[in-house]
Every structure is written in structure tokens, then in C-alpha cells.
Amino acid sequence: MELKMGTLLTLEPIYTERVEKFRCRIVEQHNNVIFIDYPVNVLTKKTAFLIDGAQFRVTFSTDSKENYAFTTEVLGRKAGNVQMILLSCPPKEGFIKIQRREYVRVETPVDVAIEFNNQFYQFKAEDISAGGTAILIKSPVGFKEGDLVKAFVVLPFTNGDMSYVETDAIIVRIFERDEIRIASVQFTDTDDVDQQHIVRFCFERQLLFRKKELNEK
């Protein structure tokens with residue numbers, strides 16, 4: 001799996017309330033720096049002028065239709081026949097393989113509150129994705145399978161920022177595993193901004209897990 005000249009990249013800004021996507025292509029690559037043409041906003045179709053130091057999540061597909069993601073930072077610009085923007089690029093070990101048609105689920109504890117019939121219940125989740133979460137139930141609750149609830153999720157990012165997601169949800173299933181009750185919760189009405197926060201949180205956790213694996217080798 002390698003980045004090649006002409007590869008189409010999708011850029012999404014990190015740590016911002018804006019929900020934006022930009023498309024661009026790789027023009028050159030030198031070691032850990034890739035040179036892209038000026039990206040175009042997917043929605044407005046206008047050329048975007050990226051600020052030096054801005055951070056983005058990059059996704060791309062290979063010739064074999066596999067999908068990968070990595071984080072990048074704008075390093076500067078290069079003048080010439082083709083105006084180019086310089087982006088940092090990690091080694092291929094820093095790329096995360098992703099499934100485009102599924103929400104990436106990561107096993108990481110996050111705080112989740114569930115509101116049902118004007119009562120609030122506090123839980124610790126064992127995993128999360130943009131599509132839902134699995135919460136650990138250690139005390140009696142008033143809801144059951146099939147109930148519609150409100151879910152509140154706290155997402156702590158590595159830079160110290162916190163995001164608070166609020167969404168409608170449904171209790172899909174309640175089951176036991178190793179004598180622990182678990183409720184599978186599906187998010188049903190997450191707005192675009194909150195969904196983007198969850199996707200970024202999951203991706204960030206994946207990067208942390210990958211770095212830990214590499215350090216242990």
C-alpha cells in the first residue's frame with residue numbers, strides 16, 4: 001500500500017465545529033511530505049486556501065479498493081506551473097485501514113448518560129462508533145429493549161478538548177457477558193457536527209492504539 005501521484009485525497013478538518021470536506025490530488029511526494037494541488041470544497045465546488053499549521057484527517061483508496069486514513073498538517077506552499085500545498089505524511093505504518101461502508105467501532109471507555117422517562121442513568125461504555133455504543137449496566141434501570149432514549153456522550157480528545165454529544169437513540173439489545181449486563185445502544189438522530197466529533201474521536205483512538213502496538217514491537 002503506497003501513495004502514488006494522482007491519488008485522490010479527501011481532507012476533513014480536525015478540531016473544528018465546521019463540517020467540511022475537500023478533494024485534491026497528489027502531485028509530488030518527497031519522503032514524509034506530499035505535494036497536492038489546491039483542494040476544492042466538495043459542497044461549494046470552490047477552491048480552498050488552507051492555512052499553514054491546519055490539521056486534517058486524510059482518507060484515500062488504493063488501486064485494490066482498500067481504504068486508509070491518516071492525519072496531516074499543512075506545511076506550506078510551492079509556486080510553479082502548478083500551485084501546490086505541502087502536507088506532512090506519516091510512514092505507511094501510521095496509516096489506518098478503514099471500512100468505508102461501516103462505522104469504525106473502537107473499544108475505549110467513555111462516559112455515557114441515558115435519559116428515559118425524565119430519569120438519568122450514568123454509565124461507562126466499553127466501545128463506541130458513530131452509529132452507537134455498548135454500555136455496562138451495573139445497577140437496575142428503567143428502560144428495556146426497544147425503548148427510545150436520549151444519549152449524552154463525553155468525548156475527551158488528546159489535546160485536552162472535550163466534546164459533548166447529544167442524540168436520540170434506541171436500546172437495541174440487553175444481554176449478559178461474563179456475568180456483566182450490557183446494553184447495545186443505536187444512535188438514531190445524530191447531527192452532522194456530533195457525528196463528525198465521534199468519527200474523529202474513534203480515529204484518534206485508533207492512532208493511539210497503533211502507536212502503542214508499534215512501540216511494543
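Read the figures in this text as sums done on the coordinates, not as results from a lab. All of these numbers come straight from a predicted model, not from anything done at the bench. FYI the Cβ positions are ideal-geometry reconstructions off the backbone, even for glycines, and counts take in every protein chain you see.
Relative contact order, whole percent, for the chain stands at 14, derived from Cα pairs under 8 Å and 6 or more residues apart.
Rounded to the nearest 10 degrees, the angle from helix 192-216 to the longest Cα principal axis of the chain is 80 degrees.
Computed from point charges on the beta carbon alone (+1 for Lys and Arg, -1 for Asp and Glu), the dipole magnitude for the chain about its Cα centre is near 740 Debye.
Given the choices [x] 12.0; [y] 14.4; [z] 13.2, mean projected area of the Cα convex hull in nm² derived from the coordinates of this structure is entry [y]. When you restrict to C-alpha pairs under 8 Å that are six or more residues apart and normalise by the size of the stretch 55-177, the relative contact order lands at 15 percent. At full extension, GLN119 and ASN81 could sit 7.4 nm farther apart than now, given 0.36 nm per residue minus the alpha carbon distance.
If you take the Cα centroid of the stretch 74-152 and the Cα centroid of the stretch 172-189, the two points sit 17 Å apart.
Which entries in the list LYS21/LYS124; LYS65/LYS150; LYS21/LYS92; LYS150/LYS212; LYS78/LYS211 go over 26 Å, if you measure between the two C-alpha atoms of each? As for pairs spanning more than 26 Å Cα to Cα, those are LYS21/LYS124; LYS65/LYS150; LYS150/LYS212; LYS78/LYS211. Descending by average beta-carbon neighbour count within 10 Å, the peptides 122-135, 25-38, 172-185 line up as 122-135, 25-38, 172-185, the highest first.
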